[in-house]
Amino acid sequence: MKLELSMVVQGCRLGVLTGLGRAGQHSLEVPGCLLYTRCGTVPHLTQDTLHTLNNLPSVTQLTLNTLAEHQEVLEEFKQGVRKFAGLHDTVLYCSLHDPATSCPPGHITNKTVSVWGSGGRIELTVAKFMALQKAVQPDLYQSMADGETWQINTSRKRVRKSVDRTLAHLDECLLLHHKTQCVYGHENPGKELSGVEVLGVVEGGDVLEERVRSARETAKRPVGGFCLDGLHTAAMETDLRTKLITAVIKELPEDKPRLLQGVGRPDEVLACVEAGVDLFESFFPFQVTERGCALTFPFNITTDPEAAGTGVQVPPTVVELDKSEAAIGQKNGTDNPQEDQTKMTPFEINLKDKRYREDFSPLVEGCGCYCCRNHQRAYLHHLLVTNELLAGVLLMLHNTAHYYAFFTALRGALASDKLDHLKKRVLEGPGKGMSGEGAGERDG
């Protein structure tokens, strides 16, 4: 795995992550995002339905909290999650926690971390964690980490302990990873983790000195990249997050990717890209879908998508966004991340609202997704108020397509030196109660 940068402008990194997968045949453009799944499946969508979308990320995110309770089955199966879940040709990345769900705090020890599956808490030692990785057979995975420092007023002592534990876990994971590759058995010499990359986790809460120490020490280890943890939307304000990321980035090598966990809002993505982040998790469309909402924020910066090099059929035009909706979602750091995840943001519309009962326009004018090409807002409103399962399918299709098109537009804006223009479209668009004329720039 190698990060090849083509451009670095004011901290923003544009390039391609190459050599992904066991055979090194996959690549992923940065800035970019992963494909969010639960047990290898995008929520609400079958594999066939998912692959009606274009420009899907080449890296699929799995989470241990949804897989840990199936360890015995996967070990018996012996062929990993890729074949078990019937996934298409994709790179598998395994993270510790699901970014769309919160974990109860207070279940971390010096030797263990806990994940929460459908059956409750599962305690993981490093040995069990690595056994799970062997059963899952990912292409890259996050090392075990103590990430319980996101709560407000966490003491410096607790933050320091988190960094120490995370580094100790990383060393143990790397040792077992190396042993598994080199000397595990005679009939099967460690093929489960052969060629697999380990991502080191940077912790440190909101303490700048601990963040820097964690980054500096993690960078000394033979890892393939870095996960920036504990900086998620519910944990802290954007300005503080940006300050911490900027300090951390200075300690990390230029040629390895930086994945930020728990951040998905478009405004926060833009701020973090400017701070030097390469990769994000794409759980945000799922959260929006679960709220019965649709992403409608504008991001096109040209009247000709081909001229921008996007190759996508999206000059999205927001047909209507009420100012009261745009104001929703202005938030501060909180001790309850689950509460934060249920709040609307300025980048979406609530289709359960009665105003959409007779709105026969598509979710976004010009969007090429199946939902926008075939259905109207009024139909989505009907599906939601009658609790039809199809509502989740159609919303997830649209929200996923819209979100990935945003990242395509982001890379195009960086390549054409129009990032400021894109930021203006994304950040100012929702707050203006825009009509169809202003949102899509159809008149140039």
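For this structure, a couple of remarks:
Conditions (1) touching a His at 6+ places or on another chain (Cβ under 7 Å); (2) closer than 30 Å to GLY412 by Cβ, marked per residue:
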position: ALA23; (1), (2): no, yes
position: THR37; (1), (2): no, yes
position: THR101; (1), (2): no, no
position: GLY106; (1), (2): no, no
position: ASN110; (1), (2): no, no
position: VAL115; (1), (2): yes, no
position: GLY120; (1), (2): no, no
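- Flag not set for LEU5, criterion: within 20 Å of CYS227 (Cα to Cα) and open to solvent by less than 10 Å² (accessible area, probe 1.4 Å).
- Residue that is farthest from GLN142 (Cα to Cα) [pool: residues in the range 165-192 that are open to solvent by 80 Å² or more (accessible area, probe 1.4 Å) and modelled with pLDDT of 70 or more]: LYS179
- Considering residues of the range 1-46 that are among the β-branched types (Val, Ile, Thr) and over 17 Å from the mean Cα position of the chain (by Cα) only, the residue nearest to ALA68 (Cα to Cα): THR46
- Residue in the range 401-429 that is farthest from VAL30 (Cα to Cα), counting only those that are part of a helix (DSSP H, G or I) and open to solvent by 30 Å² or more (accessible area, probe 1.4 Å): GLU428
- When the range 1-13 is filtered for residues that are farther than 20 Å from VAL91 by Cβ and in a strand (DSSP E or B), the ones remaining, listed by number, are SER6, MET7, VAL8, VAL9, CYS12.
- Residue check for ALA439: open to solvent by less than 10 Å² (accessible area, probe 1.4 Å), part of a helix (DSSP H, G or I) and at pLDDT below 95: yes
- Scanning the range 275-282 turns up one or more residues that are open to solvent by less than 10 Å² (accessible area, probe 1.4 Å), under 16 Å from VAL212 (Cα atoms) and under 14 Å from the mean Cα position of the chain (by Cα).
- Of all residues making up the range 31-47, the number that are in contact with a helix residue (DSSP H, G or I) (Cβ under 8 Å, 6 or more places away or on another chain) and either open to solvent by less than 10 Å² (accessible area, probe 1.4 Å) or part of a loop (DSSP other than H, G, I, E, B) (or both): 10
- Residue match in the range 147-159 (condition: touching a Lys or Arg at 6+ places or on another chain (Cβ under 8 Å) and under 19 Å from VAL198 (Cα atoms)): no
Every residue, every condition in (1) open to solvent by less than 30 Å² (accessible area, probe 1.4 Å); (2) touching a Phe, Trp or Tyr at 6+ places or on another chain (Cβ under 8 Å); (3) more than 16 Å from ALA145 (Cβ to Cβ), yes or no:
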site	(1), (2), (3)
GLU209	no, no, yes
THR218	yes, yes, no
GLY224	yes, no, no
CYS227	yes, no, no
ALA234	yes, yes, yes
ILE245	yes, no, yes
LYS250	no, no, yes
PRO257	yes, yes, yes
ARG265	yes, yes, yes
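- Answer residue from the range 374-383, given it is open to solvent by 30 Å² or more (accessible area, probe 1.4 Å) and assigned to a helix (DSSP H, G or I) and is farthest from SER361 (Cα to Cα) among those: HIS382
- All positions within the range 64-108 that are open to solvent by less than 30 Å² (accessible area, probe 1.4 Å), farther than 17 Å from GLU148 by Cα and not in a helix (DSSP H, G or I): LEU87, THR90, VAL91, LEU92, TYR93, CYS94
The values are calculated or read from the model by the stated rules, or taken from the named source; none is laboratory data. Quick caveat: nothing in here was measured; it's all calculated off a predicted structure. All Cβ positions, even for glycine, are placed from backbone atoms using ideal geometry, and neighbour counts span all protein chains on display. Calculation scope for accessible area: heavy atoms of the full protein, side chains included, ligands and nucleic acids excluded. Shrake-Rupley method; radii C 1.70, N 1.55, O 1.52, S 1.80 Å.
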